[in-house]
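Asker: Dropping a structure here in structure tokens format, bear with me for questions.
The values are calculated or read from the model by the stated rules, or taken from the named source; none is laboratory data. Every value quoted in this text rests on a predicted model; they were computed, and no experiment measured them. Note that we place each Cβ from the backbone using ideal geometry, even for glycine, and neighbour counts take in every protein chain shown. Quick note on the areas: whole protein, heavy atoms, side chains included, nothing else; ligands and nucleic acids left out. Shrake-Rupley method; radii C 1.70, N 1.55, O 1.52, S 1.80 Å.
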Amino acid sequence: MKKLILLIIFFGFTSTGFCQLKSRSFEEVDSLQHLQKRKIIVFIHTNWCQFCQRMKQTTFKNQEIIQKLNSDFYFIDFNAEEKRDITFNKQTFKYQPSGNNVGVHELALQLGTMNNQIVYPVLCVLNEKKEIILQYNSYLSPKDFKLLLEKLKE
């Protein structure tokens, strides 16, 4: 009986207190939009960007943010230096090398370019029709990101 109670408590905590952020692929989101329309939040980052890594360790580890993203949006964690071809919105995007082991993905440029440049991290929000409704290219703290999610939900 004690073991049963402990298991119930353990699974109760792990399912509610430690939920993980569900990151989707662009192809997955294309399919999911047919089942349930939601706004899409694309986090465009690189491995070398310090502010990107900081957002991953703070903002995207916040339990309230994780719950809101999982329940109300489709979230895509997108490395701008991804080398695989990506098909999204009936179009195929490719990695564009610009030197030795340097380059950027066409889709990152398409979604993250603001004022003719891309500055990481970029948060790109697409509506249910996959049109860009917001682009933001700076670190967002958990507090500021929560406010943004509340405004997007309206």
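Asker: Is it fair to say ASN116 is more than 16 Å from THR46 (Cβ to Cβ), free of Cβ contacts under 8 Å to residues at least 60 places away in the same chain and not hydrophobic (A, V, I, L, M, F, W, C)?
Answerer: Numbers: more than 16 Å from THR46 (Cβ to Cβ): yes; free of Cβ contacts under 8 Å to residues at least 60 places away in the same chain: yes; not hydrophobic (A, V, I, L, M, F, W, C): yes.
Judged against the criteria, ASN116 is a match.
Asker: The conditions are (1) surrounded by fewer than 12 Cβ atoms within 10 Å (Cβ to Cβ); (2) touching a Ser or Thr at 6+ places or on another chain (Cβ under 7 Å), and CYS52 fails exactly one of them. Which is it?
Answerer: If we test CYS52 against (1) surrounded by fewer than 12 Cβ atoms within 10 Å (Cβ to Cβ); (2) touching a Ser or Thr at 6+ places or on another chain (Cβ under 7 Å), just (1) comes out false.
Asker: Testing PHE93 on (1) open to solvent by less than 60 Å² (accessible area, probe 1.4 Å); (2) in contact (Cβ under 8 Å) with a residue 60 or more places away in the chain, one condition comes back false. Which one is that?
Answerer: Every condition holds for PHE93 apart from (2).
Asker: Let me ask something else about it. Could you list all residues from the stretch 9-29 that are modelled with pLDDT of 95 or more and of a type in the set (Phe, Trp, Tyr)?
Answerer: Once the filter is applied, which keeps residues that are modelled with pLDDT of 95 or more and of a type in the set (Phe, Trp, Tyr), the stretch 9-29 yields only PHE26.
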